[in-house]
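Working notes for the structure below.
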Amino acid sequence: MALLPLVESRTVGSVRVHALQAGLQKLDGGAMFGVVPKSLWERKIPADERNRIPLGMRCLLVEHPDALVLIDTGAGNKENDKFHSIYGIENAPVGDVGPTQLESAIAEAGFSAADVTMVISSHLHFDHAGGNTQRMDDGSVMPSFPNARYVVRQGEWDWAHHTNERTAASYFPHNFDPLHDAGCLDLVPDDRELLAGIELRHTPGHTPHHQGVLITSGSERLFYLADLAPTAAHVPLPWIMGYDVEPLVTLETKRRLWNEAASDAWSVIFEHDATNAWGKIVHDGKGFAFSNS
């Protein structure tokens, strides 16, 4: 799989943000597109011989005046080679900087893990929260960002601790329980502005308590979509992942948010798109579409 840029930077108003590529993965195309026929989705993202499509794991680093904020953390360094093979994960560090590619990307942006003072989890699936913690040389698991407070939605925390046969494969306690043990976890029950211009937005469907992050500076807005629309191909309303536990809720969440995003010309960032980091959601006469302008 071709390497994606480690860091893609821009400004939102007066705030500097960096899209960090925390690694690559490959997941089954049918699972990624749910009821959408392969004859349609493969035109957007071709599959390999195992029916897997290439995906990124894109996190966002925000240089806020009051904190260095990291949104999502990729897959981390705690899983074995078999796991990496199944999910096509490639996230080795670049240039021996850090335990994973995420730390390499942070370094390329001009910072270190110790500089991060807030980590926000969109949800606690292994490819979004695995980098919250890291396995140390002695086998122990510790927070990856020693000076950060970690923000997790209370409902997502509870959901992750009451899994069933459908959800258990996505949640690994070593990605989040050590945060509680270390006393650096902040559980929030609802939408709120964490810092001036950084706002949590409940975006249910993928999980019941999934959340996105809206960054506002001046007249500009950037929304971190996480798994509400993992790639630009998922912008049309009915293009919803098979992984979503409440797909009809996802549909209505997208409809509500897309109307706001299109009307107010938000920029959005796609966490899993292997090609497009940024874009806009626009009305196309029949519904909604992706625009890279």
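The values are calculated or read from the model by the stated rules, or taken from the named source; none is laboratory data. Note that the coordinates shown come from a computational prediction; the quantities given were computed from them, not determined experimentally. Neighbour counts are summed over all protein chains in view; Cβ atoms, including those assigned to glycine, are modelled from backbone coordinates with ideal geometry.
Being on the phi < 0 side of the Ramachandran plot, surrounded by fewer than 24 Cβ atoms within 10 Å (Cβ to Cβ) and among the aliphatic types (A, V, I, L, M) is a description that applies to Ala107.
Take Lys26 and decide whether it is modelled with pLDDT of 95 or more, under 22 Å from Asp244 (Cβ atoms), of a type in the set (Lys, Arg) and surrounded by fewer than 18 Cβ atoms within 10 Å (Cβ to Cβ).
no
Residues in the stretch 142-169 that are surrounded by fewer than 20 Cβ atoms within 10 Å (Cβ to Cβ) and touching a residue at least 60 places away in the same chain (Cβ under 8 Å): Arg166, Thr167. Of all the residues in the stretch 206-230, those that are over 15 Å from the mean Cα position of the chain (by Cα) and farther than 22 Å from Pro65 by Cα number 1.
The sole residue among Ala19, Ala31 that is out of contact with any Lys or Arg (no Cβ under 6 Å at 6 or more places or on another chain) and hydrophobic (A, V, I, L, M, F, W, C) is Ala31.
Among residues that are farther than 30 Å from Val152 by Cα, out of contact with any Ser or Thr (no Cβ under 9 Å at 6 or more places or on another chain) and at pLDDT 95 or above, Ala47 is included.
Contact map, the stretch 230-244: first residue more than 17 Å from Ala47 (Cα to Cα), second residue assigned to a helix (DSSP H, G or I) and among the small types (Gly, Ala, Ser), Cβ cut-off under 7 Å, separation 6 or more or different chains; pairs are Tyr243/Ala31.
The numbered conditions (1) farther than 21 Å from Met57 by Cα; (2) in contact (Cβ under 8 Å) with a residue 60 or more places away in the chain are all true for Val188 except (2). Flag not set for Asn80, criterion: surrounded by fewer than 22 Cβ atoms within 10 Å (Cβ to Cβ), at positive phi and not small (Gly, Ala, Ser). The residues of the stretch 208-238 that are under 22 Å from Gly74 (Cβ atoms) and in contact with a helix residue (DSSP H, G or I) (Cβ under 6 Å, 6 or more places away or on another chain), listed by number, are His209, Ala233. If the condition is being in contact with a Phe, Trp or Tyr (Cβ under 9 Å, 6 or more places away or on another chain) and either of a type in the set (Ser, Thr, Tyr) or over 14 Å from Gly76 (Cα atoms) (or both), then the stretch 127-152 contributes Thr133, Tyr150, Val152. Considering every residue within the stretch 54-74, establish whether at least one is surrounded by 15 or more Cβ atoms within 10 Å (Cβ to Cβ), among the basic types (Lys, Arg), more than 23 Å from Gly212 (Cα to Cα) and modelled with pLDDT of 95 or more. For the stretch 54-74, residues surrounded by 15 or more Cβ atoms within 10 Å (Cβ to Cβ), among the basic types (Lys, Arg), more than 23 Å from Gly212 (Cα to Cα) and modelled with pLDDT of 95 or more: absent. Return the residue satisfying two criteria in turn: it lies in the stretch 262-273 and is surrounded by fewer than 22 Cβ atoms within 10 Å (Cβ to Cβ) and hydrophobic (A, V, I, L, M, F, W, C), and of such residues it is nearest to Pro236 (Cα to Cα). My answer is Ala262.
Residues that are under 18 Å from the mean Cα position of the chain (by Cα), small (Gly, Ala, Ser) and within 27 Å of Leu222 (Cβ to Cβ) within the stretch 56-91 comprise Gly56, Gly74, Ala75, Gly76, listed in sequence order.
Buried (at least 20 other Cβ atoms within 10 Å of the Cβ) and over 30 Å from Asn147 (Cα atoms): is that true of His234 in this structure? So His234 fits the description; yes.
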